[in-house]
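Asker: Dumping the structure here so I can ask a few things about it.
Nothing in this text is a laboratory measurement; each read-out follows from the coordinates by a stated rule. Note that the coordinates shown come from a computational prediction; the quantities given were computed from them, not determined experimentally. So basically every Cβ, Gly included, is an ideal-geometry build from the backbone, and we count neighbours across all protein chains shown.
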Amino acid sequence: MPTKLALTKALAAALGASLFLLAAGPGTAGERLDAIKQKGVLTCGVGANVPGFSQQGANGAWRGFDVDICKAVAAAIFGDATKIAFKPIDTVENFLKTRDIDLVLRGLTWTSGREVAGALRFGPVVLYDGQGFLVPRKLGIANPDMLSGRNICVSTDAGFLSGLRSYFRQRNLTLKAVVKTRRAEAEDAFIAGACEAMTADASELAEALIGKAPHPDDFVILPQQISKEPLAPLLRKGDDQFFDVVRWAIFALVDAEELGIQSANVDRMRMSENPEVKAFFAAAPPNAAVARDWTYDIVKNVGNYGEIFERNLGPAHLPRGLNKSWKSGGLMYAPPVR
């Protein structure tokens, strides 16, 4: 997706001219990782209230897909996923000036313009997202082509309308777009029954179902997507050792699912004689300063990638699709942790 919430087109424009504001200079290898360990918590920037991804409960506890990815990194560093602080990122200005945020997870698409042009770099893809379609289950719609001639709610605060027009034009389909200025307005119109479908990024459709639909099971997010929006964590360039920790923490989540290692069986699996499983638990840490049993601590604290996906996005029935393990036909493939 281009972005979520307030970080939309404004962020894309601001990044081109203002990326240098995030730079703290060349930086010594391990400088940020040392600072994280010194303060005793990992500080993660997330969306302020994004159902399924980052929400704060009445008790102050955060939950969501992005939250759990952050917790996995904290577990790798400290052996304890609770040693983490979350800071909402709601505006471009806040994003650019908040120097104490170590890592950002809030639905940002990895693009060359955002990474090459300035002081930012992206970690591994955590969600293969893309523009999709949400439809009432009762209509029996199986693919986007079946939406020809039907009312489709779409907003103009991102590139969804142009993507929709292009898709329908290429396939000679009849487009009946119900255009709203903001995605929230398109969501409300769809939930109220004004349209037979809604289009936005699949993750945003899941967010709408979890946050607004009285009965999420009455709707279906179609598995087909008409754009590619790889979402990844955002870091600063120059944080090489911290980057290694973030990268391998995410790889461990993916490899754990592939190996069948889950939060419920991690203690038993730790005793396995399977050579690949033994190598997973015996792997040297990505940096000597992080937890000795970092792979075990990650899975014990937050589970594997599949558990994180189902726990947070399962209520919206978001199809795993490309986010399945490569062994199941998806793109979730990580270098071996060994």
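Asker: Work out from phi, with θ = phi - 60° and the Karplus expression 6.51 cos²θ - 1.76 cosθ + 1.60, the ³J(HN,Hα) of each residue of region 256-273, listed in order in whole Hz, and give x for Gly and Pro.
Answerer: Once rounded to whole Hz, the list reads 4, 5, 4, 8, x, 8, 10, 4, 7, 10, 4, 5, 5, 5, 5, 8, 5, 9.
Asker: If you place +1 on the Cβ of every Lys and Arg, -1 on the Cβ of every Asp and Glu, and leave all else neutral, what size is the dipole of the chain about its Cα centre, to the nearest 20 Debye? Intermediate results must be reported in sequence, preceding the final value.
Answerer: On the way: 39 positive and 36 negative charges, 99 e Å.
My answer is approximately 480 debye.
Asker: I've got another one for you. Okay, which of region 184-220 sit inside 16 Å, backbone N to the point 7 Å along the Cα-Cβ direction of SER166?
Answerer: Within reach of a label on SER166: 200-202.
Asker: Please give the helix 65-78 orientation as an angle from the longest Cα principal axis of the chain, in degrees from 0 to 90, rounded to the nearest 10.
Answerer: On a 0 to 90 degree scale, this one is about 10.
Asker: Round to the nearest 10 and give me the degree value, 0 to 90, for the angle of helix 9-18's Cα axis relative to the longest principal axis of the chain.
Answerer: On a 0 to 90 degree scale, this one is about 40.
Asker: Same structure again: Considering only DSSP beta bridges where both residues belong to region 37-195, give the percentage that are antiparallel (nearest 5).
Answerer: 20
Asker: With a Förster radius of 41 Å, plug the Cβ-Cβ distance of GLN38 and ALA194 into 1/(1 + (r/R0)^6) and report the FRET value to the nearest 0.05.
Answerer: 0.15
Asker: Rg and Dmax in Å for the chain, alpha carbons only: what are they?
Answerer: Calculated on Cα positions, Rg and Dmax stand at 20.3, 60 Å.
Asker: With runs of 4+ DSSP H residues as the only contributors, calculate the mean residue ellipticity of the chain at 222 nm using -39,500 (n - 2.57) per run, divided by the residue total and rounded to the nearest 500.
Answerer: -10500 deg cm²/dmol
Asker: As I understand it, the dipole of the chain uses +1 on the Cβ of Lys and Arg and -1 on the Cβ of Asp and Glu, about the Cα centre. Which of GLY47, ALA200, ALA75 lies farthest toward its positive end?
Answerer: ALA200
Asker: Turning to a different aspect of this structure: Put +1 on the Cβ of every Lys and Arg and -1 on every Asp and Glu Cβ in the chain; which of PHE219, ILE152, LEU175 then has its Cα farthest towards the positive end of the dipole?
Answerer: LEU175
Asker: Of SER162, LEU318, VAL126, which is farthest along the charge dipole of the chain in the positive direction, counting Lys and Arg as +1 and Asp and Glu as -1 at C-beta?
Answerer: SER162
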